[in-house]
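The values are calculated or read from the model by the stated rules, or taken from the named source; none is laboratory data. All figures in this text were calculated on a predicted structure; none of them were measured in a lab. All Cβ positions, even for glycine, are placed from backbone atoms using ideal geometry, and neighbour counts span all protein chains on display. Areas reflect the complete protein model, heavy atoms only, side chains present, ligands, DNA and RNA absent. Shrake-Rupley method; radii C 1.70, N 1.55, O 1.52, S 1.80 Å.
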Amino acid sequence: MADSYGRILRLIEAIQTLLAEKQEQEGAKMLLRRLRGVELSEARFRAFNAQPPPHGADLDQALANIETGGLAEMARALKAAKDDLAWAKDDLKYYRPGADVGAGYEATNQHALLIGPGACGFAEADFSMGIFLLGPRTLYRDHRHLAPETYINLSPRTGWRFDGGGWSDFPGGSVIFNPPNQVHATRVYDQAFLSVFAWLNDIDLPCEVVAFDDWPEIEAQLQSIKTKP
């Protein structure tokens with residue numbers, strides 16, 4: 001357990017270092033502030049059973065695709081700690097009953113919680129942070145929640161839209177912040193999408209899917225993308 005604690009602590013510290021470099025951005029600043037309020041001592045590290053990722057090939061691909069430079073330490077720490085974590089699929093417990101997040105999301109999502117209720121190490125009641133992954137050619141349909149949310153994109157490219165506007169691509173190392181109740185969607189191209197994610201407060205309040213007519217068209221376009229050699 002001591003070795004697991006050390007590797008997970010180094011992963012959280014790598015996240016903190018990355019956030020400190022970007023703290024002029026609102027989402028990074030808010031997440032860094034929450035992290036600094038969490039006691040990360042070994043005495044507080046809770047026992048848990050590591051669980052392998054449901055989609056290990058997607059995770060390995062995403063780890064291999066992290067571009068070095070500003071993400072080099074983050075990549076090293078995550079690769080070292082990945083087998084210590086309890087990976088799971090989203091059981092949609094935070095969504096309103098009957099929410100249709102899309103077949104792609106339900107089939108390919110996986111996450112490992114580092115901080116929060118039932119986390120891999122550090123329990124917090126109203127703050128959660130972890131590692132999140134979606135498989136290739138996936139639309140995470142438009143949705144909103146009261147919890148303010150920060151993502152750190154670890155993949156070279158992922159698409160986002162906010163409040164039903166146009167799509168924008170974000171590179172590796174970018175910080176995406178969703179204020180409370182901002183409608184947002186994510187699209188994943190030919191390579192799996194890997195990120196740090198955090199809900200900063202109000203984490204027990206439900207998500208709501210917000211329907212858009214273009215979902216079938218976007219999902220068909222994503223399925224038509226060929227993997228680059």
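List the number of the failed condition for L19; all other conditions in (1) closer than 29 Å to T227 by Cα; (2) within 16 Å of the chain's Cα centre (by Cα); (3) at pLDDT 95 or above hold. Only one criterion in (1) closer than 29 Å to T227 by Cα; (2) within 16 Å of the chain's Cα centre (by Cα); (3) at pLDDT 95 or above is unmet by L19, namely (1). For segment 46-65, filtered to residues that are part of a loop (DSSP other than H, G, I, E, B) and in contact with a Ser or Thr (Cβ under 8 Å, 6 or more places away or on another chain), the residue that is farthest from G121 (Cα to Cα) is H55.
Candidates are the residues of segment 179-195 that are part of a strand (DSSP E or B) and among the hydroxyl-bearing types (S, T, Y); the one that is farthest from the chain's Cα centre (by Cα) is T186.
If you filter segment 49-63 down to residues that are in contact (Cβ under 8 Å) with a residue 24 or more places away in the chain and closer than 14 Å to A81 by Cα, you find that the one that is farthest from the chain's Cα centre (by Cα) is N49. Restricting attention to segment 22-38 and to residues that are open to solvent by 10 Å² or more (accessible area, probe 1.4 Å) and under 27 Å from D83 (Cβ atoms), the residue that is nearest to the chain's Cα centre (by Cα) turns out to be R34.
Step by step: first the residues of segment 196-218, then only those that are outside any loop (DSSP other than H, G, I, E, B) and open to solvent by 50 Å² or more (accessible area, probe 1.4 Å), then the one that is farthest from L92 (Cα to Cα). Which residue is that? Per the stated criteria, the residue is E217.
Taking residues in segment 189-204 that are farther than 22 Å from G159 by Cα, and partners anywhere that are open to solvent by 20 Å² or more (accessible area, probe 1.4 Å) and not in a strand (DSSP E or B), the pairs with Cβ atoms closer than 7 Å and at least 6 places apart or on different chains are L200/M30; L200/R34; N201/D126; D202/L146; I203/D126. Remark: pairs (first residue in segment 97-124, within 18 Å of R144 (Cα to Cα) and in contact (Cβ under 8 Å) with a residue 60 or more places away in the chain; second residue among the hydroxyl-bearing types (S, T, Y) and surrounded by fewer than 21 Cβ atoms within 10 Å (Cβ to Cβ); Cβ separation under 9 Å; 6+ apart in sequence or on different chains) = V101/Y95. Looking only at residues of segment 39-72 that are open to solvent by 90 Å² or more (accessible area, probe 1.4 Å) and of a type in the set (D, E), we find that the one that is farthest from A119 (Cα to Cα) is E67.
Quick one: how many residues across segment 151-172 are farther than 23 Å from A107 by Cβ and open to solvent by less than 10 Å² (accessible area, probe 1.4 Å)? Residues flagged as farther than 23 Å from A107 by Cβ and open to solvent by less than 10 Å² (accessible area, probe 1.4 Å) within segment 151-172 amount to 1.
Exactly one residue out of D142, D90 is surrounded by fewer than 20 Cβ atoms within 10 Å (Cβ to Cβ) and not polar (S, T, N, Q), and it is D90.
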